[in-house]
Amino acid sequence: MSVPWRRAPFSRGRRRRWPLLLTLILLLLIVRLSKGALLNDAYALLSLPFWPGPAQSEWLRSARSVEDQARLQALASDNDRLRQLLALQRSNADKAVSAPVISRQSGGWWQQLVIGKGALAGVRAGQPVVGPGGLIGLVASVTPATATITLLTDPSSRVGVWVNRSRNQGLLSGSGSARPLLRFLDKDPEARPGDLVVTSPASTLVPPNLPVGVIQAVDANADPAPVAVVQLIAPVQAIDWVQVLRP
């Protein structure tokens, strides 16, 4: 006697897995549509017990205090720089062209810079350029709206200077670094660290007695004459505004 065929019933395990699969698919769909916002909220709730306690909060307050002090120092530095620029503009208002620094080459930081004034503003090649503190270079070339400045730190730069105290003459030569070299003409220049260096009245390139720098060290045994390392007064490495002196 044959047994009638019947469809095998689904096992209980399969019936239990269907709701789980549907729930997982629904969760994935929600996460995708919310772009992960639900996961972020869940993480925030789960991590709540581990949020900064009193010690961590004190560290955060200390960090904020340091940040505020740094901002105040930066503002004070900017105010000092702006005061210097304003004083420079007032002192040379009738005989100079003020211009912003608009470009510098990373590979020639101590050689040249480009300013945002040119022939249309009366800037000419060969004119001296000063910044807050003193001479920084000479105009090398001009376009109608810009000018290229050769800095005193450029290895090709040569400017006649003298020591303000002893009046001993020398030639300031760029070294490709922040500190140019002063090569004296006399065997005994009577120069020492701290002496002020200014442009020489004998120079045909720049007006006399423009502040240039301060002697940092002197090599009295250099041949054929002593050599001094000079720290420029004007901050050539960070200057952003200059004046071109007109005749």
Multiply the residue separation of L205 and S141 by 0.36 nm, subtract the distance between their alpha-carbon atoms, and state the gained length in nm to one decimal. 21.6 nm
Order by protection proxy (mean Cβ within 10 Å, highest first), peptides 127-138, 152-163: 127-138, 152-163
Going by Cα centres, segment 109-156 and segment 204-247 are how many Å apart? 15
Sort 165-171, 197-203 by packing, meaning the average of other beta carbons within 10 Å per residue, with the highest value first. 197-203, 165-171
Ranked from highest to lowest mean number of other Cβ atoms within 10 Å per residue, what is the order of the peptides 187-195, 224-232? 224-232, 187-195
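FYI, it's all coordinate maths here, none of it is from the lab. All values reported here derive from a predicted model rather than from experimental measurement. Positions of Cβ are backbone-derived with ideal geometry, glycine not excepted, and every protein chain shown enters the neighbour counts.
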